[in-house]
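Please read the structure below before turning to the comments.
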Amino acid sequence: MSQQDPADSKTVTVSDVQQLLKKKDEIEAQIKAYYEVLEDQRGVGMNEPLVDVEGYPRADVDVYQVRTARHNVICLQNDHKALMKEVEQALHQLHAREKEKREKDEAEARTEARSQSEAPPLPFARVNAITAGSPASMSGLQVDDEIVEFGSVNTRNFQSLQNIATVVQHSEGRPLSLTVLRGGERMRLGLIPKRWTGKGLLGCNIVPLQR
């Protein structure tokens, strides 16, 4: 079973990243110290031979100290590489979470602003009678439906029932879009004003709501 990366095992915080960076600085300081040891040993570095031309250990350096320093440098460099990968993953997760939070906050702000500027229109009239078999009845309109939109007429521009009458007369034989409140639920209906066996083009009675 593969080992899970520490950066992915829990939610990373800014403090976690700071601790990782502190550990990175400590490792780099240790690596620098061991390189200074190698430099003090006649500058042998990481690759210079520790035996003379005849194959004997060099007498001008402390071979054990050099080998120990080289081994520790290699181990610390591996630790440093693994730690840098962990830092990269932690920063990625931290930035991704900050981006997600920022986008969420912006979306909530937009939604709130939209809800304030686009408050749903209130109903302005009510259906108090419908004749069976009429265009209004066939559209699904029901008694006590409260009208929010009747074609182009809505709360903002409604002045009198003449507004509705005008829309009906100009829409004879053509579909009209209606939005009504029924039991607190908004519904959209399609109504075609047309001549039928009864009176008028709708076959229903609409009264203004008293505000």
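Over the stretch 1-93, accessible surface divided per residue gives 72 Å², non-protein components excluded, 1.4 Å probe. Given (1) 22.1, 71; (2) 40.7, 123; (3) 18.9, 59 as candidate values of Rg and Dmax of the Cα atoms in Å, which corresponds to the one derived from the coordinates? Given (1) 22.1, 71; (2) 40.7, 123; (3) 18.9, 59, the structure-derived one carries the label (2).
With Cα atoms defining each centre, the stretch 146-169 and the stretch 72-112 are spaced 56 Å apart in the structure. Remark: the stretch 51-65, residue by residue, has Karplus-estimated 3J(HN,Hα) of 10, 7, 5, 8, x, 9, x, 5, 8, 8, 9, 8, 4, 4, 5 Hz, where x stands for each Gly or Pro and the curve is 6.51 cos²θ - 1.76 cosθ + 1.60 at θ = phi - 60°. Computed from Cα positions, the angle between helix 161-170 and the longest principal axis of the chain comes to roughly 90 degrees. Based on DSSP H segments of at least four residues, each scored -39500 (n - 2.57), the chain has a per-residue ellipticity at 222 nm of -16500 deg cm²/dmol. 3J(HN,Hα) couplings calculated from phi for the stretch 138-152 with the Karplus curve 6.51 cos²θ - 1.76 cosθ + 1.60 (θ = phi - 60°) are, in sequence order, 5, 6, x, 4, 10, 4, 6, 5, 9, 8, 9, 9, 10, x, 8 Hz; Gly and Pro show x.
Across the chain, the longest piece that holds none of the GluC sites (Glu not before Pro) lying in DSSP loops with up to 15 other C-beta atoms within 10 Å covers 55-117.
Rounded to two decimals, the Cα radius of gyration of the stretch 154-204 over 2.2 N^0.38 Å is 1.23. Computed from Cα atoms, the angle from the helix 14-40 axis to the main principal axis of the chain rounds to 20 degrees.
The string of couplings for the stretch 97-110 from the Karplus curve (6.51, -1.76, 1.60, θ = phi - 60°) is 5, 5, 5, 4, 5, 5, 5, 5, 4, 5, 5, 5, 5, 5 Hz, one whole number per residue in order, with x for Gly and Pro.
The values are calculated or read from the model by the stated rules, or taken from the named source; none is laboratory data. Bear in mind the structure is a predicted one, so any value in this text is a computation, not a measurement. Cβ: placed from backbone, ideal geometry, glycine included. Neighbour counts: every protein chain shown. Heads up: the accessible areas ignore ligands, DNA and RNA and are worked out on the full protein's heavy atoms, side chains in. Shrake-Rupley method; radii C 1.70, N 1.55, O 1.52, S 1.80 Å.
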